[in-house]
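The values are calculated or read from the model by the stated rules, or taken from the named source; none is laboratory data. No experiment lies behind these values; they were computed from the predicted model shown. Ligands, DNA and RNA are stripped out before the accessible areas are found, and what is left, the full protein with its side chains, is counted by its heavy atoms. Shrake-Rupley method; radii C 1.70, N 1.55, O 1.52, S 1.80 Å.
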Amino acid sequence: MLLQTMAGSPFGGAEEFFVRLACGFERVGIEQHCVVRPNEGRNAVLAASGVSFDELPFGGRLDVRTPWNLRKQLKRHKPRIVLSWMNRASRMTPSGDFVKVARLGGYYKLKNFRDCDHLIGNTRNICDYLIGEGWPVDRTHYLPNFVDAKPGAAISRAEFNTPDDAPLILGLGRLHDNKGFDTLIRAMAEVPGTYLWIAGAGDLKDDLLKLAGECGVADRVRLLGWRRDVANLFATCDVFCASSRHEPLGNMVIEAWAHGKPVVAQASQGPVQLITPGESGLLSKLEDVSALAADLRAVLDDRVLSDTLSRNGRAAFEADFTEDVVVAKYKAFFDEVAL
């Protein structure tokens, strides 16, 4: 029996992967129960897939309800393994007569995970960081993410006032400084005739719109808000740009590969680990607006290059990042560490 705890934000890549993984576990018959924050969109997906779950607030330091109820959940379900996600859920989930595992998608401080038996990093660099911080090598495990490769249907570009014949660049992620959308918008000034769609929500919306105006590209930049139809967006765009200046994994790169789209990225941590430059994507120096613009132009102007990057990216996805591959790795891990 597996019990998972997730205290996620309203939006985010880790939260979306948790849902995919829980549904993947359900499809292969792993017995599980999840304890999650209320979230209408994500929890509806869990319910539709038959995943058993309960909701708790996972509040701040004064939240005594969640730890108390987590103890009740543990007593009721008697799991062999508890998998907690990120800082808050790991801190609030008590240890007990089970194997406590935490899954990390970033370079978090280890103080929240000291009572864990094992730690999972979703990149090799995160695992190296954990070991460098003193976590035992034999209790550190690399288990990658997978993405949904179900093909989408192109949406009407007219919905966002975009010409059908204009080259279309797609960006995804929270409107946060880490995502580097400011660099991408500045690069648009050097990629004339193209349009940019950014799908994501966050506090920087007004700042990014203002920047687009200052750069003279406001008429070619569209902020779509948070979208759940990512596959449809990939089916509509010509190139995906992972513009993050800080990105531990780069789930977005894997998603683009899965949907057969060429990838241009800034050389942040995750994309550097994933992309073989010139084969499965292009990497530009961080904060180099002109270099990012040049890579975007190269992909949009050279069909052979675009097709090569798309083909090799899809092959990389199929080798290491499909649901079947990743769920099998998690299952083997559970079998190895279970009491």
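With θ taken as phi - 60° and the Karplus curve 6.51 cos²θ - 1.76 cosθ + 1.60 applied, the whole-hertz 3J(HN,Hα) list for segment 273-289 is 6, 8, 8, 8, x, x, 10, 10, x, 10, 10, 10, 4, 4, 6, 9, 4 Hz, x standing for glycine and proline. Using a 1.4 Å probe on the protein chains only, how many percent of the accessible area of segment 171-316 belongs to carbon and sulfur? Of the solvent-accessible surface of segment 171-316, carbon and sulfur hold 48 percent. For segment 102-175, the Kirkwood estimate of hydrodynamic radius, built from reciprocal distances between every pair of different alpha carbons, is 15.7 Å. Accessible surface of segment 1-136, 1.4 Å probe: 50 percent of it comes from carbon and sulfur atoms. Close amide H contacts of S284 (hydrogens built in the peptide plane, cut-off under 5 Å, sequence separation of 5 or more or a different chain): A265, Q266, A267. Using the Stokes-Einstein relation with a Kirkwood hydrodynamic radius computed over Cα pairs, the translational diffusion coefficient of segment 27-101 at 4 °C and a viscosity of 1.567 mPa s comes to 98 µm²/s. Projection of the Cα convex hull of segment 160-296, averaged over all directions and equal to a quarter of that hull's surface, yields 7.2 nm². In the chain, Cα pairs under 8 Å separated by at least six residues give a relative contact order of 15 percent.
In order along segment 119-125, the Karplus-derived 3J(HN,Hα) couplings, from 6.51 cos²θ - 1.76 cosθ + 1.60 at θ = phi - 60°, round to 10, 10, x, 8, 9, 5, 5 Hz, and Gly and Pro are given as x. Quick one: Debye curve from the alpha-carbon atoms of segment 80-208 only, equal weights, vacuum; give me log10 I(q)/I(0) at q = 0.11, 0.17 Å⁻¹ to two decimals. Log10 I(q)/I(0), no solvent term: -0.62, -0.94. For Kirkwood radius over Cα pairs in Å, the candidate list reads [x] 22.5; [y] 20.9; [z] 21.8; the entry that matches the value derived from this model is [y].
Rolling a 1.4 Å probe over the heavy atoms of the protein chains gives the chain an accessible area of 43 Å² per residue. In Å, what Kirkwood hydrodynamic radius results for segment 211-269 from the alpha-carbon pair distances? Computed over segment 211-269, the radius equals 12.9 Å. With a cut-off of 8 Å between alpha carbons and a minimum separation of six or more residues, what is the relative contact order of segment 113-237 in percent? Over segment 113-237, the number comes to 27 percent. log₁₀ I(q)/I(0) of segment 215-315 at q = 0.14, 0.15, 0.17 Å⁻¹, via Debye over equal Cα point scatterers, no solvent, to two decimals? For segment 215-315, the Cα-only Debye profile gives -0.50, -0.58, -0.76. Shown for segment 1-157 is the translational diffusion coefficient from the Stokes-Einstein equation, using the Kirkwood radius over Cα pairs, a temperature of 25 °C and a viscosity of 0.890 mPa s: 150 µm²/s.
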